[in-house]
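In what follows, a structure is listed as C-alpha cells, so that the remarks can point back to it.
All of the numbers you see were taken from the coordinates with simple rules; none came from a lab. Model, not experiment: these values are computed from the prediction. FYI the Cβ positions are ideal-geometry reconstructions off the backbone, even for glycines, and counts take in every protein chain you see.
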Amino acid sequence: MKMARLFKNSFIKHRFPAHLMIVLSSVLFLFITASDLYSQESVDSEIAKALRKIVKCEKIEIKTKTEDNKSGKLKSLLIRLVGMPKHILPADYVTVQYANPDIDLIALRKSNNFKIKSYSNFKIGMLVSEQTIKNEFDKRAKKLNFRYNKFLIKFTPPYIELEFDIPADAIPLKDRKLVEKFIKNKRLEGYAALRLEIHDNRIIASPVKVILNHFLLPMTLVSEFKKRINPIYNIPRIRPFDYDLVKVDILKQQIFFSN
Amino acid sequence: MRNKKLLLLFCILIAIIVAVIGYVSFLHWKGGVSNYEPPKQSSVSPQERAQSDLQNLSRAVEAYFIKNMEYPQKLELLMPEFIDRVGSDPLSGKTYQYSLVETKGTSRYRISVPDPKLYNAKEFYIEDGTLVQK
C-alpha cells in the first residue's frame, strides 16, 4: 500500500508535461528529415565515389531528384563528367541522365559498385570544344614531328571549316596518290568544309567542298577521299554506361554528340 | 566520205578538249581563296526556316544542359558558345519565345514561334527536341 502510494506520487511528480512532448516530437521530426536529406546526399557521394573507381576524369558531379520524401525513390539521376582524359576521349563534358532509375543500393553501399537495375529513360550527351580539337591537333602534330605553315579550324554550323598549308609527305602514301596531281612544291595548301556523321560510335567526316592548291576537287574525287579517310575517330564507350551515340551537331564553338 | 568522218572525229576531239580545258579552268577559278567558304544553303520557305531555327535552338539548349546540368533561363545565355544569335521568326520578325516548365521535379523547355497563326497552325513549337506543328 505504502509502495503503491510512493509510485503514484513519483509518477505525478515526474509526469511528462505537454510542452516537453512537443519539443521532443519536433526534435524527432527534425532527425527524420535530416536523415532523409543525409541519405540523399550520401547516395550522391557514394555514386560519385563508385564512379571514380571506373571513370577517370577531372571531376564527377551527381544530381539526384527524389519523387517524394517518404518513398526515397529517385525521379532522376544526373551524372556530369568533366574533363575526360584526352588520350582516351577528348571530351570536355559528358552528361548522363537517367529517368526513374532503380539503383542497386546494396551493391553501392557494400561493395561500392554503381549498378542501375532499371530506368525508364536514358540520355547521354558529350561536348567537345573547338579549342580542345585545336589543342589535340597541335599535340598530335608535335608528337609526329609534323610541321605546317597553317592549320585553322573553324566551326560554321553545320560545317567544320579547315584551312591548311601542310607538307605533302605528311599525308600517308596511299592517300597521297589520290591528290598527287594537286601537289605543288611538295606542299598542299587549301581548304575543306565538312560535315560530321556518326555511326556505331564511329565519327565519319563527310567533305562537301575541298580545294587543293587552287583547284576545287570534283565531287567524284571528294567521295573517294571520304571513303579513304573514314572513320576518322572511334569514340570509346565510357563504362559502366551502355549507349550508342547516333547524333552529332556542330554548334558555334562545340561539337555535340548524343544518343 | 572518209574525209567527212575524219572531220567529224576531229570536231568531237576538239569539243572534248575544249570541254576538258573549260572544266579544268572552272575548277581552277572556283579554287581561289575567295571561295574558301562553305557551300551556300539553298533558299527555303519561311516555314522551313522557322522549323530549322527551332531545331537549332533546341540543340543548343540541350548542349547547354550537358555543360551546366540545367536548362538556360533565357535563350540569350546560349551566346556565344552554342549559337551566334537567337534569331527571329521569319514571318513576324519577332524573337522566338522560350519557356521552362518544372513538373514533378523534371524540367522541360519549349521554344515556340510568336504567332503560329501566320503558319496556319494553332501550335508551332519544339519541346524537349520534339517539333510540334498542328
(message) With the cut-off at 1.5 for a/c, could you classify segment A:201-259 from its C-alpha gyration tensor as rounded, prolate or oblate?
(response) prolate
(message) Is the C-alpha gyration tensor of segment B:63-115 telling us rounded, prolate or oblate? Criteria: a/c under 1.5 is rounded; beyond that, a/b larger than b/c is prolate, otherwise oblate.
(response) oblate
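Quick check: from the Cα gyration tensor, does chain B come out rounded (a/c under 1.5), prolate or oblate?
Cα axes put chain B in the prolate bin.
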(message) 7 Å from Cα along Cα→Cβ at both residue A:113 and residue B:33: what's the point-to-point distance in nm?
(response) 6.2
(message) Taking the number of other C-beta atoms within 10 Å as the exposure measure, put B:11, A:57 in order starting with the fewest.
(response) B:11, A:57
(message) Compute a Gaussian network model of chain B, connecting alpha carbons closer than 10 Å, and tell me which residue from B:35, B:120, B:68 fluctuates the most.
(response) B:35
(message) Taking the beta-carbon count within 10 Å as an exposure proxy, list B:62, A:46, B:102, A:61 from fewest neighbours to most.
(response) B:102, A:61, A:46, B:62
(request) Calculate the dipole size of the protein assembly as shown relative to its Cα centre from +1 charges on Lys and Arg beta carbons and -1 charges on Asp and Glu beta carbons; express the result in debye to the nearest 20. (result) 1060
(message) Can you give me the long-range amide H partners of residue A:187? Hydrogens built in the peptide plane at 1.01 Å from N, cutoff under 5 Å, separation of 5 or more residues or another chain.
(response) A:168
(message) Please compute the modelled spin-label separation between residue B:4 and residue A:186, points set 7 Å along Cα→Cβ, answer in nm with one decimal.
(response) 5.8
(message) Can you tally the net charge around residue A:243? Count Lys and Arg as +1, Asp and Glu as -1, for every other residue whose Cβ sits under 13 Å from the Cβ of residue A:243.
(response) +1
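Checking the table A:53/A:115; A:59/A:117; A:63/A:123; A:49/A:247; A:53/A:247; A:184/A:227 against a 19 Å threshold on Cα-Cα, which pairs fail?
Exceeds cut-off: A:59/A:117; A:49/A:247; A:53/A:247; A:184/A:227.
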(request) Could you list which residues have their amide H under 5 Å from that of residue A:113, counting only those 5 or more apart in sequence or on another chain, with H placed in the peptide plane? (result) A:108
(message) Between segment B:1-76 and segment A:108-166, how far is it from one alpha carbon centroid to the other, in angstrom?
(response) 26
(request) Rounded to the nearest 0.05, what FRET efficiency do residue B:25 and residue A:242 give with R0 = 51 Å and r taken as the Cβ-Cβ distance? Could you check? (result) 0.40
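So, by mean Cβ neighbours within 10 angstrom, what's the order for A:86-99, A:115-128 with the highest one leading?
Per-residue mean Cβ counts within 10 Å order the peptides as A:86-99, A:115-128.
At 222 nm, what value in deg cm²/dmol follows for the protein assembly as shown if DSSP H runs of at least 4 each add -39500 (n - 2.57) and the sum is divided by all its residues, to the nearest 500?
-12000 deg cm²/dmol
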(request) Please go through segment A:182-213 and write out the trypsin sites (Lys or Arg not before Pro) that DSSP classes as loop and that have at most 14 other C-beta atoms within 10 Å. (result) A:186
(request) Might you report the magnitude of the Cβ-based charge dipole of segment B:44-113 about its Cα centre, with Lys and Arg at +1 and Asp and Glu at -1, to the nearest 20 debye? (result) 160
